[in-house]
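Since the structure comes first, as structure tokens, the remarks are kept for the end.
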């Protein structure tokens, strides 16, 4: 069965951790360390690469650029200024553009291009030479130096934006700032420009109060690229029912994250230093059954299977040791379909969750070709 991954921060693994993701996965896992940046998440933890995506039948992914400004009092962030964040994210964008030029990827910036790409994947069983589809998203908006600059990003193929990541961005409160911090003064002007363009809003990694403001002010399409359910896993990184329902009511899709800290039913206080999961619970205690609980919860809220999907945060969540127990590579995402089948989900519903919901969403909300 085909897969579309709603969250793969691919360029982070390439540029921050010195991984050539055009390589076979085993080659990456066995490669010698390149720079000190390799040290945080070793190459051996890597779950995905272009060849592995083909093996997984992963036709497309929402791939991210992510460069955040480090603020006093919060440990997250890589850069001192938005100018530097802009330059770094442009470098990540250039990585995706290079992969397109080598034939490894198709950047899917229009609904027609998306539909054509999916037809090519649907019409064959041999994916070995097919380019993987990339929808370009931005995780945290610090790389947009002023609101009107989003038009430049749009012209370069960016189609999805979340206003925050960890901490407080230039535009909103994000993860680990509590649930009550709202939009900052530039937030609404940015949303206004996004509305003009037809940009898609991602409500992931954004505080409850900020999301509620976004949904009140922003009129365009909405998704949650990698977002689990607070009713199952306590903690501010997951979202409460009213926000999940609002995304559903807007016709959005909610991708379930593979981050075990977002699945472990004991929850986590995201405001402090985040421990490694294995310091708190054995890896085998968080399985794809627990993961599918979040998918099923969204389906129950919606009353159908048309809004739940995969949003793996692939490799961005820490790789293999911080994924559900059955996951060694993204090929194992196929097991999600088996778990759903075991719970009585029909083939059409499983297809919705594995890829068709994302497919329908992007074929509806990506812009049409001009001319």
- Query: Do the conditions hold for residue 120, that is, is it more than 22 Å from the chain's Cα centre (by Cα), at pLDDT 95 or above and surrounded by 14 or more Cβ atoms within 10 Å (Cβ to Cβ)?
  - Reply: yes
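Please report, ordered by residue number, the helices (runs of 4 or more DSSP H) entirely within region 309-371 with at least 3 residues that are free of Cβ contacts under 8 Å to residues at least 40 places away in the same chain.
335-342
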Of the listed residues (108, 93, 163, 183), the one being closer than 24 Å to residue 366 by Cα, touching a strand residue (DSSP E or B) at 6+ places or on another chain (Cβ under 8 Å) and free of Cβ contacts under 8 Å to residues at least 60 places away in the same chain is 163
Among 322, 351, the single one that is modelled with pLDDT of 95 or more and touching a helix residue (DSSP H, G or I) at 6+ places or on another chain (Cβ under 6 Å) is 322
In region 215-229, anything out of contact with any helix residue (DSSP H, G or I) (no Cβ under 6 Å at 6 or more places or on another chain) and over 15 Å from residue 308 (Cα atoms) is listed as 216
Taking region 275-290 and keeping only residues that are closer than 25 Å to residue 165 by Cβ, surrounded by 17 or more Cβ atoms within 10 Å (Cβ to Cβ) and out of contact with any helix residue (DSSP H, G or I) (no Cβ under 7 Å at 6 or more places or on another chain), one is left with 290
| query | In this structure, does residue 303 turn out to be surrounded by fewer than 18 Cβ atoms within 10 Å (Cβ to Cβ), at pLDDT 95 or above and out of contact with any helix residue (DSSP H, G or I) (no Cβ under 7 Å at 6 or more places or on another chain)? | reply | yes
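Please verify whether region 47-54 includes one or more residues that are crowded, with 16+ Cβ neighbours inside 10 Å and over 22 Å from residue 337 (Cα atoms).
No.
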| Does residue 331 meet the test of being surrounded by 14 or more Cβ atoms within 10 Å (Cβ to Cβ) and more than 15 Å from residue 2 (Cβ to Cβ)? | no
Of the residues in region 80-112, those that are in contact with a helix residue (DSSP H, G or I) (Cβ under 7 Å, 6 or more places away or on another chain) and more than 19 Å from residue 137 (Cβ to Cβ) number 0
When (1) out of contact with any strand residue (DSSP E or B) (no Cβ under 6 Å at 6 or more places or on another chain); (2) within 21 Å of residue 166 (Cβ to Cβ); (3) crowded, with 21+ Cβ neighbours inside 10 Å are applied to residue 248, the one that fails is (2)
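The values are calculated or read from the model by the stated rules, or taken from the named source; none is laboratory data. Bear in mind that the values here come from a model prediction, so they are computed numbers and not experimental data. Reconstructed Cβ throughout: ideal geometry from the backbone, glycine too, with neighbour counts over all protein chains shown.
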